[in-house]
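The values are calculated or read from the model by the stated rules, or taken from the named source; none is laboratory data. Model, not experiment: these values are computed from the prediction. All Cβ positions, glycine included, derive from the backbone under ideal geometry; neighbour counts span all protein chains shown. Only protein heavy atoms, including side chains, enter the accessible area calculation; ligands, DNA and RNA are left aside. Shrake-Rupley method; radii C 1.70, N 1.55, O 1.52, S 1.80 Å.
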Amino acid sequence: MSTPMKHSYESSTTDRVISMAQAIREALAEEMRRDPWVFIMGEDVAEAGTPFKVLKGLVEEFGPQRVIDTPISEAGFTGIAVGAAMTGMRPVVDIMFGDFLTLAMDQIVNQAAKVHYMSGGKWKVPMVIRATMGATLRKAAQHSQSLHAWFAHIPGLKVVIPSTPYDAKGLLKTAIRDDNPVLFFEHKAMYSMRGYVPAEEYTIPFGVADIKREGRDLTIVAIGRMVHVAIEAAQRLAELGIEAEVVDPRTLVPLDRKTLIESARKTGRVIILDEGHQSYGATAELASVITEGAFYYLDAPVIRLGAMDVPVPFSPPLEDLTVPTPERVVEAAKTLCGRV
Amino acid sequence: MMSSSGPKIRAERSVYLTVDGEQWLHMYRQMLRIRRFEEQVNELYVSAKMPGLAHLYIGQEAVAVGVCEALRRDDYITSTHRGHGHCLAKGASMDRMFAELLGKAPGYNRGKGGSMHIADPDTGNLGANAIVAGAVGIATGAAFSAKMRGTDQVVVCFFGEGALGQGVLYEVMNMASLWKLPVIYVCENNLYTEYTPYQEVLAGEILDRPRAFGIHAEAVDGQDVREVYFVAQRLIERARAGEGPAFLLCNTYRYYGHHVGDIDRSYYRSREEEEWWKSERDPIRLLGSWMLQERIADERILEAIDREVRAEVEAALAFALNAPYPDLDEVARHVYANEAQL
Ligand SMILES: Cc1ncc(C[n+]2csc(CCOP(=O)(O)OP(=O)(O)O)c2C)c(N)n1
Ligand SMILES: [Mg+2]
């Protein structure tokens, strides 16, 4: 994860390398300069700039009226954001650990997601909820979950999971301009990850998957930080003469079915990686989409590698077993390609 | 209502002397055990021997010790992310605590919980909790159960003032009052919710909140273990006698950062403020000097206690450092009760 990655959506001319945290901060600052109704709300977002320091400096530029520290009241401030969004503002809510989304579930699922539909299209809820995700940071079961699949299950919500600083910036700007509630997941272990981000303005449309690496033998669909696990596995597989294609959906809702299916049709073999629990999770949905769209082209059943179906344990040797690793992907790929 | 401010000292003196000197010495030792244990935890973090982070309780020892001293072993507590002090005060042993913090097999929870999730049925510890206000339902439910089962157990629910932001607290306080449940809500106001002064995120008076539900509420100086113990004892016995819940606001201060990695604190509080609490309001020194003054102890006894506690910490740490990690197949165990039936 240390070498910045080039991929199709990057400007070929840029040599500006910044961290994921800075990319997110830039997206927020640019949108707040552009639209006076964009504001940030959450716990310790102002002077502290969040425990991850992602928002450092924003309160200095935009003031405490637009970068608002709240009490520890996730249900309350998420609800306030829904109401503010319905009446002309564009809130960006900060949920420090994605695990705390559970406290705001009614506001997100029963209110934000349904207002537009239930009102027959009369009210809109243009808000973004930024939340962290991800394990392997020794934070134990209540600070390590990846709950994106829950939200992808609910019609009315959009779900974004960037894997690079470039994608994070472009997708967050699109999220803020979207007229729907958008869940935007940031992996805690990726904030310091660096990558190419052009100085000039850009946005990235939702529903467009990105092929992070081209290959002919095997497709690896990967979400968020798992894209980097996939890339590392692909590099090792290349040494064995297996060329893996790495496809990053970038948004789970809307989902770019076409790109996933085309890649599966081309390679005939598919592995899907995710850091959410495997059972009833994102890997299951992506596997069915591919199976339905590429059934006659597949040489083998789609393989899913999600997080183990256990609460995330604290003890390091146990925690490390719970998420997919390049080694496990390589093993699965070799099996798929008949190389064992 | 008691307070530690000046003029009342003489009146208090006789009251506090009704308690056996040995018991004050025990509370002194308990506070010191928390202090020395956590100094070692910080050391483990600084020397990169501990996975993850820990939230130190140092500075607040009088609250956990004063309250737990008034509890029986079969009474229950729930705790928070800043929970080491509550667990130790309720009877946890240091060796298994250290082992848990290091993710080792003999830890209280087989290394699966870590610093924020110590739980121990043997000492009535229903569990520390990493969700702010996450345990208020559990505590109130245990009190409900004690009442339904007809035991005379009492439950203490520890939380920081940040938990006052969570709606679930008001839902359960309402039911606790309606149903006269034997639960004491102990709110430790250490002035900060993470990196934010509490006044910036809290409206009105704290005690008005429980009182709105008809819950008996009092405030104490959380640096004075004598006062905490006396008031807690009264509230706990009241609950045990079936007179319902209470709310105890303990005004206190944490000496270290929000967690061990929070080193630069200048943007939210001053060094002078930290120094003032340490030099003027240290709970261990306050009790120690009072015991010396009342001849409950002499310097020699206090030094001996410190030596013993340091030896206990050293042995417990060695136990944990030498302990093995859990077997790898532990990862998939305990997801469900009665796993053999799956
Ligand atoms: C529901 C929830 N929201 C946010 C957090 C992150 N968080 C952990 S501790 C903390 C501050 C708690 O303040 P307080 O209750 O006063 O306890 P203290 O840390 O001062 O002991 C926050 C916001 C959390 N753990 N749970
Ligand atoms: Mg506090």
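On the stretch given as segment A:55-82, residues that are of a type in the set (Val, Ile, Thr), surrounded by fewer than 22 Cβ atoms within 10 Å (Cβ to Cβ) and not in a helix (DSSP H, G or I) total 1. Go through segment B:191-216 and report how many residues are more than 13 Å from ligand 2 (Cβ to nearest atom) and open to solvent by 10 Å² or more (accessible area, probe 1.4 Å). Qualifying residue count, segment B:191-216: 11.
The set of residues in segment B:147-162 that are in contact (Cβ under 8 Å) with a residue 60 or more places away in the chain, within 11 Å of ligand 1 (Cβ to nearest atom) and touching a helix residue (DSSP H, G or I) at 6+ places or on another chain (Cβ under 6 Å) contains only B:Phe158.
Scanning segment B:307-338 for residues that are assigned to a helix (DSSP H, G or I), acidic (Asp, Glu) and open to solvent by 60 Å² or more (accessible area, probe 1.4 Å) returns B:Glu308, B:Glu312, B:Glu314, B:Asp329. Among the residues of segment B:58-69, are any more than 16 Å from ligand 2 (Cβ to nearest atom), open to solvent by 10 Å² or more (accessible area, probe 1.4 Å) and more than 13 Å from the chain's Cα centre (by Cα)? Within segment B:58-69, none of the residues are more than 16 Å from ligand 2 (Cβ to nearest atom), open to solvent by 10 Å² or more (accessible area, probe 1.4 Å) and more than 13 Å from the chain's Cα centre (by Cα).
Regarding B:Glu188, is this residue away from chain A (no Cβ under 14 Å), under 19 Å from the mean Cα position of the chain (by Cα) and within 16 Å of ligand 2 (Cβ to nearest atom)?
Yes.
For the residues B:Leu169, B:Leu126, B:Leu207, the requirement of being free of Cβ contacts under 8 Å to residues at least 60 places away in the same chain and within 14 Å of chain A (Cβ to nearest Cβ) singles out B:Leu169. If you check B:Leu164 against the conditions, is it within 28 Å of A:Gly79 (Cβ to Cβ), among the hydrophobic types (A, V, I, L, M, F, W, C), at the interface with another protein chain (Cβ under 10 Å from one of its Cβ atoms) and touching a Cys at 6+ places or on another chain (Cβ under 8 Å)? So B:Leu164 passes the test. Pairing residues of segment B:177-193 that are on the phi > 0 side of the Ramachandran plot with residues that are within 9 Å of ligand 1 (Cβ to nearest atom) and open to solvent by 20 Å² or more (accessible area, probe 1.4 Å), at Cβ distances under 7 Å and at least 6 apart in sequence or on separate chains, gives B:Leu191/B:Tyr198.
Considered as a group, the residues in segment B:257-306 that are of a type in the set (Phe, Trp, Tyr) and open to solvent by less than 60 Å² (accessible area, probe 1.4 Å) include one that is farthest from B:Met116 (Cα to Cα), and that residue is B:Trp290.
For segment B:102-123, a residue qualifies if it is at the interface with chain A (Cβ under 9 Å from one of its Cβ atoms) and either more than 15 Å from B:Pro326 (Cβ to Cβ) or of a type in the set (A, V, I, L, M) (or both), and the qualifying residues are B:Leu102, B:Ala105, B:Ser115, B:Met116.
The single condition among (1) closer than 29 Å to B:Ala99 by Cβ; (2) within 21 Å of the chain's Cα centre (by Cα) that A:Pro313 does not meet is (2).
For segment B:3-29, a residue qualifies if it is at pLDDT 90 or above and assigned to a helix (DSSP H, G or I), and the qualifying residues are B:Val15, B:Tyr16, B:Gly21, B:Glu22, B:Gln23, B:Trp24, B:Leu25, B:His26, B:Met27, B:Tyr28, B:Arg29.
Counted as qualifying within segment A:211-254 are the strands (runs of 3 or more DSSP E) with 3 or more residues that are under 12 Å from A:Val329 (Cβ atoms), namely A:218-222.
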